[in-house]
1. Among what's in the range 79-94 and is in contact with a Leu (Cβ under 7 Å, 6 or more places away or on another chain) and open to solvent by 60 Å² or more (accessible area, probe 1.4 Å), pick the residue that is nearest to Leu66 (Cα to Cα).
2. Counting only residues that are without any contact (Cβ under 8 Å) to a residue 40 or more places away in the chain, give me the strands (runs of 3 or more DSSP E) lying completely in the range 164-262 with at least 3 of them.
3. I need the full set of residues from the range 433-454 which are crowded, with 19+ Cβ neighbours inside 10 Å and at pLDDT below 95, in order please.
4. If you take the residues in the range 361-375 that are open to solvent by less than 10 Å² (accessible area, probe 1.4 Å) and not small (Gly, Ala, Ser), which one is farthest from Ile141 (Cα to Cα)?
5. Just checking, which of Ser135, Ser145 is touching a residue at least 24 places away in the same chain (Cβ under 8 Å), buried (at least 23 other Cβ atoms within 10 Å of the Cβ) and touching a Gly at 6+ places or on another chain (Cβ under 6 Å)?
6. From Gly426, Gly472, which residue is open to solvent by less than 60 Å² (accessible area, probe 1.4 Å) and under 29 Å from Cys310 (Cβ atoms)?
7. Can you tell me which residue among Gly358, Gly349 is of a type in the set (Gly, Ala, Ser) and under 16 Å from Ala142 (Cα atoms)?
8. Mind listing whichever residues of the range 95-106 are open to solvent by 40 Å² or more (accessible area, probe 1.4 Å) and under 17 Å from Lys328 (Cβ atoms)?
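The values are calculated or read from the model by the stated rules, or taken from the named source; none is laboratory data. As the structure is a prediction and not an experimental result, all values here were calculated from the model. Heads up, the Cβs are rebuilt from the backbone with ideal geometry, glycines too, and the neighbour counts pull from every protein chain shown. Surface accessibility is based on the protein's heavy atoms, side chains included, excluding ligands, DNA and RNA. Shrake-Rupley method; radii C 1.70, N 1.55, O 1.52, S 1.80 Å.
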Amino acid sequence: MHSATRKTPRGYFVILVLVFSAVFLTLISALAGYIFVEKRSQLAKENREKALHLAEAGLEYYRWFLAHFPDDLQNGTGIPGPYEHLVSDPEGGTLGTFSLNVTGEEFCGALASVEIESTGWTAADPSLTRTVSASYTRPNIAEFSHIVDSNVWAGDDRVISGPYHSNQGVRMDGTHNATVSSGVTSWTCTSSFGCIGSQTVDGVFGNGGPAELWKFPVPQVDFAGITLDFDTLEGFARNNGGIFYGQAGGQSNRRGYHAVFNADGTVTLYRVTNTDSVYSYQPDFAKWDTEYPIISNQVLLGTFDIPDTCPVLFFKDRLWVEGTVSGKVVVAAAHTASPTYDSDIILNGNLTYASGSGTDGIALIAERSVLVGLVVPNEMSINGVFVAQNGHFGRNLYHTFYLSSSLDQYATRSSLSTLGTVVSKGRVGTKWLCGGSYCSGFSQRSDAYDAQLANDPPPFLPNVSDDYTLRGWQEVN
């Protein structure tokens, strides 16, 4: 019997080879396609990141440019932008390009801040762009809670938020949440600062804290450099669309103007024609004397819109201020032409903002002192930047012994809350001790710097540096 051998057709192997080859080729193609897509995606991601860095390089470039040409918004070309700049690759060739659009916010025709929009792209893929925008301003005094040019004592009732600096010594018995700095290594503390006799103490000392935030000595703030040019402000108010009033007439320490700010963005102005006198101790003159802080008669001048393009109010005389501020405004009181009289600003009542969003802000700048008046609310609130160029920020000593029965209730007040910045040539003081006991001023005081105002201040605040710094950054796309 013969056995039969079964043969597999050759065509079957060919089919198997073709099937497995097709599967293999499909897998290889898919893998190659995946690798190619991933590579393209990775390159696109890398170019997008490089484009962002190029855009940021544009911001840094123009910050450098402003340091050398502070008022030039045209990149030295004299013509409108945009302005393109190639960025070289350190290893050769061109890395990419950034393009700049530069604008500025101006008040009274003077530059206040700079807005820069920078778009970057790589030489490898110009189709992928990133755009960032930023605002730059010069650091200003609103970044501090206090800047004082003399020895100062913050009592144990004080609660301070924000940097606190004195060019001289600081006794800190209050509590604070930011740096307290002094420009001296040591100073002589006397009885007027609560010391027994005269003691040599550290630049910052006291019973407050936290003490780990005390720093001394630090470079002194150039007080002469941060004080304002009143002639410039007067020129803005006179000639660039602001509001200006000359001397009110009569004796300057008894007359002046009264500004009441309104929540609708207007200000109501009066000419003060008569005032009532009281007897007080006045630190500016280091003596007891008669002063005239109480308005007894005034004449309405009108209610005026605060100019958006030049929100500067200048009074060549004494000024009483109160009300609710809407928008940003600078108010100055000065009589620089008079060698015998320096103007004061008197806080006549609460001074607050219409909104808490940061859109409102006021700076009060006095040739001599910014004083809290006698007849003021028991719980008083003041918002703003207060600059006493040659005098001090404070409240004179009103003692019940020298006040009439109708006024003696005002000698002591409950609380003073300050949101903003105090800049004072002389010693700051809103609370008085008589024989070691509280007798005049505010029993409790709280001070907080306004972070929103520091980032977006009223125009023409004195700067603490001429270099522009970054205030805001965001990616546009």
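1. Pro82
2. Hits in the range 164-262: 180-182, 186-189, 199-202.
3. Arg445, Asp447, Tyr449, Asp450, Leu453, Ala454
4. Leu374
5. Result: Ser145 is the single residue among Ser135, Ser145 that is touching a residue at least 24 places away in the same chain (Cβ under 8 Å), buried (at least 23 other Cβ atoms within 10 Å of the Cβ) and touching a Gly at 6+ places or on another chain (Cβ under 6 Å).
6. Gly472
7. Selected residue: Gly358, the only one of Gly358, Gly349 that is of a type in the set (Gly, Ala, Ser) and under 16 Å from Ala142 (Cα atoms).
8. Selection gives Glu105, Glu106.
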